[in-house]
Amino acid sequence: MPVYHYGGYAGTAIALNSYDQQYVNIPYINISHQSFTLEVWFILLPPTGISINQTDFGIFGQCSTDQKCFLVTVRKGHIHVSFDSLANNVTLISSSLVAYYYWVHIAVVYDANALQQRLYINGRLEIISTGIVSPYDGLVTGASAWIGRTKSAAYSLSYFNGYIDHFLLTPNIVKSTCQIYNDATLAFYFPFDSNQTTYDLSIYSYSVITMDTSFVSGRVNQALLFSPTNNSFFQSQCYSYNRQSATYTFSLWIYPQNILKGGSIIHVSFLQNGNGTLCYDLLSLTANGELVVQIVHNTSLTIAVQGPVLPNDTWTHVTVIYSYFSGVRLLLNGTVTNFYPNTVYGLYFYIYTYQQLYITLGNNRPAGAPLPSCLVGSLPIDSGAFSGIIDEFRLFMRELTGDEICQLVNP
């Protein structure tokens, strides 16, 4: 029987063992004679036991009573898509290979107007069908659908081996390339608009906790006000996951109201109280009001990148980019103010373990927790309660381009 795995891409995932022929039976989804978009995250694990030579790993299969089967599978390392797999009619095959042990996002889009299939891997267009691809035309009555199992003439029944998360199949929807790229790379987005409360508006809908904050006029619509006297904070939890790239970009607007009080703007921790095996201020102020970015490479090396003194009562857009090739860059209002070249491979933030991480805004001590003992770099940051306003907080699991940053700086 499949079990939940608490190291999912976002939250929990289902863990499937192909040796035990595990899969999830779901209600049939009617995509017959219409457009649709299918998206899913998965980690493929090498098979064991008598399945060690397995080469076909079914991600999703759907078969009608007239034996028309739609499948998405990893076959000999490549993504295969077919609307009629029992007839060996494979219309899309990726050129990219799927590696074991890494989270992969794929999207299959069928446009019934254009009679075209498209396959995306990790947000990027992989292949477009050639010629006319007729819609899937399986009968609806009595049909079956499975996550983690497929049916084909070439392999009969095939089962997935690994983790599957955030499976989404939406009929009559043709997502654009931009939408899919966003789904695959936007880890969370908190606009802090009062009509949306503090919801995460990414497709992952992370849960949040907030205390003694309030909505005020923001840089874009509303924003969240933090008060040091009330020990206010905002906290969400995200999950570490293995990716072939540890690149990420943080983006947010900040409006300091008393820079000489210092304060933790973005705090990362293993424990909800701000402490734990890994905890540090990713973005903080010094006692003089200088902005500091900290990147933890290991327990003995925390990189610190210093920015200028921020002005009080002024909106400043902050972008922090980390990539293996480019190192750490700090941008204010779209302009690079400092950088640190990458000289050490490995980054704790997203590749340390499968354990969940908490991201706290406006404080390093949520709800007045005991003072944490956290990693610090070479610069004298002044951790604690932040006095000011934060708006439009985003995390992308990629390096934003200059044009993309420009759009965020000029909403």
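The values are calculated or read from the model by the stated rules, or taken from the named source; none is laboratory data. Given the structure is predicted, the values throughout are model-derived calculations rather than measurements. Neighbour counts run over all protein chains shown; Cβ positions are idealised from the backbone, glycine included.
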Restrict the check to the range 183-201 and report whether at least one residue is of a type in the set (Phe, Trp, Tyr), out of contact with any strand residue (DSSP E or B) (no Cβ under 6 Å at 6 or more places or on another chain) and over 30 Å from Tyr101 (Cα atoms).
yes
Answer from Tyr163, Tyr189, Tyr204 - the residue that is surrounded by 19 or more Cβ atoms within 10 Å (Cβ to Cβ), in a strand (DSSP E or B), among the aromatic types (Phe, Trp, Tyr) and assigned by TED's automatic domain parsing to the domain that holds Ala385
Tyr189
Within the range 164-215, can you find the residues that are within 25 Å of Phe60 (Cβ to Cβ) and either in contact with a Pro (Cβ under 6 Å, 6 or more places away or on another chain) or of a type in the set (Phe, Trp, Tyr) (or both)?
Phe167, Tyr181, Tyr204, Tyr206
From the option list Thr249, Thr302, Thr314, Thr319, single residue qualifying as in the same structural domain as Tyr358 (by TED's automatic domain parsing) and farther than 25 Å from Gln407 by Cβ is Thr302
Looking only at residues in the range 138-154 that are in contact with a Ser or Thr (Cβ under 8 Å, 6 or more places away or on another chain) and modelled with pLDDT of 90 or more, which one is farthest from Ile203 (Cα to Cα)?
Ser152
Within the range 123-135, is even one residue at pLDDT 95 or above and under 15 Å from Arg75 (Cα atoms)?
no
State whether the residues of the range 373-381 include one that is in contact with a Ser or Thr (Cβ under 7 Å, 6 or more places away or on another chain) and closer than 22 Å to Asp183 by Cβ.
no
Residues that are touching a residue at least 40 places away in the same chain (Cβ under 8 Å) and within 13 Å of Val320 (Cα to Cα), drawn from the range 372-401
Phe393, Arg394, Leu395, Phe396, Met397, Arg398, Glu399, Leu400
Report those strands (runs of 3 or more DSSP E) wholly inside the range 57-124 carrying at least 2 residues which are β-branched (Val, Ile, Thr) and crowded, with 23+ Cβ neighbours inside 10 Å.
69-75, 78-84, 103-111
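Here is a yes/no grid of residues against (1) assigned to a loop (DSSP other than H, G, I, E, B); (2) small (Gly, Ala, Ser):
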{"residue": "Ser251", "(1), (2)": "no, yes"}
{"residue": "Ile254", "(1), (2)": "no, no"}
{"residue": "Val268", "(1), (2)": "no, no"}
{"residue": "Asn275", "(1), (2)": "yes, no"}
{"residue": "Asp281", "(1), (2)": "no, no"}
{"residue": "Leu285", "(1), (2)": "no, no"}
{"residue": "Val292", "(1), (2)": "no, no"}
{"residue": "Ile295", "(1), (2)": "no, no"}
Quick check on the range 207-217. Is at least one of its residues surrounded by fewer than 21 Cβ atoms within 10 Å (Cβ to Cβ) and within 19 Å of the chain's Cα centre (by Cα)?
yes
